[in-house]
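Nothing in this text is a laboratory measurement; each read-out follows from the coordinates by a stated rule. It should be emphasised that the depicted structure is a prediction, and the values quoted were computed from it without experimental measurement. Positions of Cβ are generated from backbone atoms using ideal geometry, with glycine treated the same way; all protein chains shown enter the neighbour counts.
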Amino acid sequence: CGSMADLDSRGVRLLTLSGHVGFDSLPEQLVCRQLCQGFTFNIMCVGETGIGKSTLMNTLFNTDFDSQECSHFERCVRLRQCCYNLCECDVHLRLTIVEAQGFGDQMDKDVEPIVNYVDAQFESYLQEELKVQRCLYDYLDTRVHVCLYFITPTGHSLKSLDLVTLKRLDSKVNIIPIIAKADTLTKCELLKFKNKIKNDLGRNGVRIYQFPTDDEAVAQINVAMNAHLPFAVVGSMDEVCVNNKLVRAREYPWGVVQVDDDDHSDFGKLREMLIRVNMEDLREQTHRCHYELYRCCRLKEMGYQSSLREYKPSLSQGSECVEAMRKQLAEELCRKEREMKQMIVNRMKQKEVEVKEMERELQARLECLKRIYQEERQKVEEKRKQLEDEKIAFNQRKAACEAMMKAQAAHPPRG
Ligand code: GDP
């Protein structure tokens, strides 16, 4: 490709391109490929029942997603996952919204299901990666890219449930904390509440997602927005006419709270940061930081060593493996023994029931036979009595006849 050859000051040959080669189209090629493939984005919403999770999701994507109203009496937290295919200017987005339903209703059992869900998505991805023939190109990635944590607008500090949950999640997922239903607090209360939350998070070492500041193009806006966290948002799909314009708002007897108005809520900031500016960074952080951490721990558990590329369990890991297997076998044995015992008890119970049933049947048959015998005996007795009576009557008639014959013999009739 180089026709003209010059030497630089060190004598190195410099080639000048004589024409257009074309690798400047690489970014375009990437964009085309990605456009064909489409994008995935997975959001998890964690917050108390009725705090406004579904409303905010609808407002963010300006779509009525099929949300399911949930009671305050769920026995445990359920992760409800819904997928939607959205399209904007030929860009296809496969959006997954995961809602932690029942959160805040059963304090002691709330965090585990959420952590398990996040881990389960990492585990599926890891299992796909570990396959000999993997399909990562069209793999349906369900790893959680962002967790919107809805803080109840109490005006006080964070609850212990908030801190426990955030602490458990902060190494697994990008957390964006938001103050929900911000229209229920005054401007002054909001400011104080935001500061309290920031202090609580800092004191307890909770790491929340920071909008990246290393890319010059977005550094300025991201620095400004980091200072605004946690965003105080208002959600609504209702349209209200304000100054001859239809806007999404919440209408009150005393006035109108406009969702998109920066003076009324941080909703616009959240949408801008989450969707327009940092969606790709959230996806990347999930893969590069959170998934990597999970993968590293899991591979260590499996016996891989971080410094070596191939599988090579160390001596201590070998004995740990044997110990783990011994434990597993012992547990298996115990389980089988328990099952056998239970089976024997069940069989005995069943036999007992069968014997009792047979006893009942025999007793019934005995009763029946007794009754028949009594009836027969009564009939025979009646017959015997009848014969006895007939015999007596016969003997009486016989005696009468004999007496008559004797009398006739003693006084024969004269003729
Ligand atoms: P979820 O159970 O967390 O999904 O809560 P929903 O989105 O179903 O909302 C519960 C109630 O709160 C509904 O009546 C909403 O209209 C109301 N709501 C939602 N967002 C806001 C908000 O920003 N401010 C106020 N005041 N109410 C809201």
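Would you mind getting me the FRET efficiency between residue 328 and residue 94? Use the beta-carbon distance for r and R0 = 35 Å, nearest 0.05.
On the way: r = 39 Å, r/R0 = 1.11.
Plugging the Cβ-Cβ distance into 1/(1 + (r/R0)^6) gives 0.35.
Could you identify which residue out of 289, 188, 401 has the top mean-square fluctuation in a GNM of the chain using Cα springs shorter than 10 Å?
Most flexible of the set in this elastic network: 401.
Can you list the HN-Hα couplings for the stretch 170-176, worked out from phi with the Karplus curve (6.51, -1.76, 1.60; θ = phi - 60°), rounded to whole Hz and with x for Gly and Pro?
5, 9, 10, 7, 6, 9, 10
Note down the net charge around residue 334, summing +1 for each Lys or Arg and -1 for each Asp or Glu among other residues with Cβ under 14 Å from its Cβ.
Within the 14 Å Cβ shell, the charges total +2.
Using θ = phi - 60° and the Karplus curve 6.51 cos²θ - 1.76 cosθ + 1.60, what whole-Hz ³J(HN,Hα) does each residue of the stretch 36-41 get, with Gly and Pro shown as x?
Here the 3J(HN,Hα) series is 5, 5, x, 10, 10, 8 Hz.
Let me know the Rg and Dmax you get for the stretch 364-415 when you use only its Cα atoms, in Å.
In order Rg, Dmax, the Cα atoms of the stretch 364-415 give 22.4, 77 Å.
Take residue 358 and residue 156, extend 7 Å from each Cα along the Cα→Cβ direction, and tell me the distance between the two endpoints in nm.
Label-label distance for residue 358 and residue 156, simple model: 6.9 nm.
So for 264, 228, fewest C-beta neighbours within 10 Å to most, what's the order?
228, 264
Relative to the present Cα-Cα distance, how much length would full extension add between residue 366 and residue 399 at 0.36 nm per residue of separation?
Residue separation times 0.36 nm, minus the Cα-Cα distance, leaves 7.0 nm.
Once you've got the GNM for the chain with C-alpha springs shorter than 10 Å, pick whichever of 303, 255, 155 has the biggest mean-square fluctuation.
255
Restricting to the chain, what percent of DSSP beta bridges are antiparallel, rounded to 5?
60 percent
Which trypsin sites (Lys or Arg not before Pro) does the stretch 90-152 hold that lie in a coil by DSSP with at most 14 other beta carbons within 10 Å? All intermediate terms of the calculation are to be shown ahead of the outcome.
Numbers: sites: 94, 109, 131, 134, 143; in loops: 131, 134, 143.
Answer by residue number: 131, 134.
Pop out the ³J(HN,Hα) list for the stretch 295-300 in order, Karplus 6.51 cos²θ - 1.76 cosθ + 1.60 with θ = phi - 60°, rounded to Hz; leave Gly and Pro as x.
Listing the rounded values in order: 4, 4, 4, 5, 5, 5 Hz.
Identify which of 61, 150, 23 has the largest mean-square fluctuation in a Gaussian network model of the chain, with springs joining Cα atoms closer than 10 Å.
23
Starting from the Cα of residue 25, step 7 Å along the direction of its Cβ; do the same at residue 214; then give the gap between the two resulting points in nm.
Once both label points are built, they end up 3.2 nm from each other.
Among the listed pairs 159/196; 245/269; 159/187; 159/181, which are separated by more than 19 Å between their Cα atoms? Please report the intermediate quantities before stating the final value.
Values: 159/196 12 Å; 245/269 21 Å; 159/187 21 Å; 159/181 17 Å.
Exceeds cut-off: 245/269; 159/187.
Output the Kirkwood hydrodynamic radius of the stretch 20-155, Cα pairs only, in Å rounded to one decimal.
Values: mean 1/r = 0.0581 Å⁻¹.
Value: 17.2 Å, from the Cα pair sum.
Taking 0.36 nm per intervening residue step and subtracting the Cα-Cα distance, what contour gain separates residue 124 from residue 343 on full extension?
The span from residue 124 to residue 343 would gain 75.2 nm if fully extended.
Based on Cα positions only, what radius of gyration and what Dmax would you give for the chain, in angstroms?
Spelled out, the Cα radius of gyration and Dmax of the chain are 44.9, 194 Å.
Using the count of nearby Cβ atoms within 10 Å as a rough guide to exposure, how do 414, 295, 207 rank from fewest to most?
414, 207, 295
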